[in-house]
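One structure is given here, and the rest of the page talks about it.
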Amino acid sequence: MRQYTRLLAALAVLLGIAGVFLIYLAWPSLTGQTIALALRPVDPFDPLRGQYIILNYEINSIPSVDSAKKGGVIYVALKEDESQIWRYQSASSEKPQQGTFVKGIIKSVYGGTMRVEYGIEQFFFERHAEFPQRDLTVEVKVSSSGQARISQLLHEGKPINITYKKPSLTS
């Protein structure tokens with residue numbers, strides 16, 4: 001009976017850890033504010049890693065702040081413009097108390113510019129997907145802690161229409 005109780009306790013702990021991890025990853029998608037971010041054109045396909053696009057945002061390269069160090073956390077405050085695109089307003093190593101912001105990791109600092117990644121730089125598709133590659137924006141959900149998750153890609157402000165070509169025998 002004691003072994004059965006220990007087994008149940010161990011399973012409960014493991015399921016609890018897995019549940020907390022899933023909630024942590026899903027939290028921005030469940031509770032976050034929806035914003036649109038502008039992209040910079042990047043060659044979107046890599047045949048060695050599969051069908052996905054690399055998303056390079058305007059906010060990936062921002063002005064450096066005094067306390068910026070490679071590997072450090074940075075909070076980027078965003079402001080919505082007249083075309084409903086959220087753009088860089090300011091950056092700080094301290095979490096803002098109000099407003100819309102996204103949390104990132106500083107990848108490099110060079111001169112007066114720093115390269116920041118937010119964990120939303122890749123978007124995966126099924127094989128043989130075809131979609132527009134110009135005039136793209138990304139709809140992102142941002143939680144109150146600054147975590148961001150991609151909700152959808154937009155083409156000229158509308159959700160992209162993905163079509164799938166039939167694979168040929170040679171592919």
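The values are calculated or read from the model by the stated rules, or taken from the named source; none is laboratory data. Quantities reported herein were computed from a predicted structural model and do not represent experimental measurements. Cβ coordinates were reconstructed from backbone atoms using ideal geometry, including for glycine residues, and neighbour counts include every protein chain displayed.
Could you say whether any residue in the stretch 62-78 is at pLDDT 90 or above and on the phi > 0 side of the Ramachandran plot? Checked the stretch 62-78: at least one residue is at pLDDT 90 or above and on the phi > 0 side of the Ramachandran plot. Against the criterion of being among the aromatic types (Phe, Trp, Tyr) and under 19 Å from residue 52 (Cβ atoms), residue 101 does not qualify. Among all positions in the stretch 132-144, there is at least one residue which is touching a residue at least 12 places away in the same chain (Cβ under 8 Å), part of a loop (DSSP other than H, G, I, E, B), exposed (fewer than 15 other Cβ atoms within 10 Å of the Cβ) and in contact with a helix residue (DSSP H, G or I) (Cβ under 8 Å, 6 or more places away or on another chain). Scanning the stretch 77-127 for residues that are assigned to a loop (DSSP other than H, G, I, E, B) and under 17 Å from residue 144 (Cα atoms) returns 93, 94, 95, 96, 97, 98, 99, 100, 118, 119, 120.
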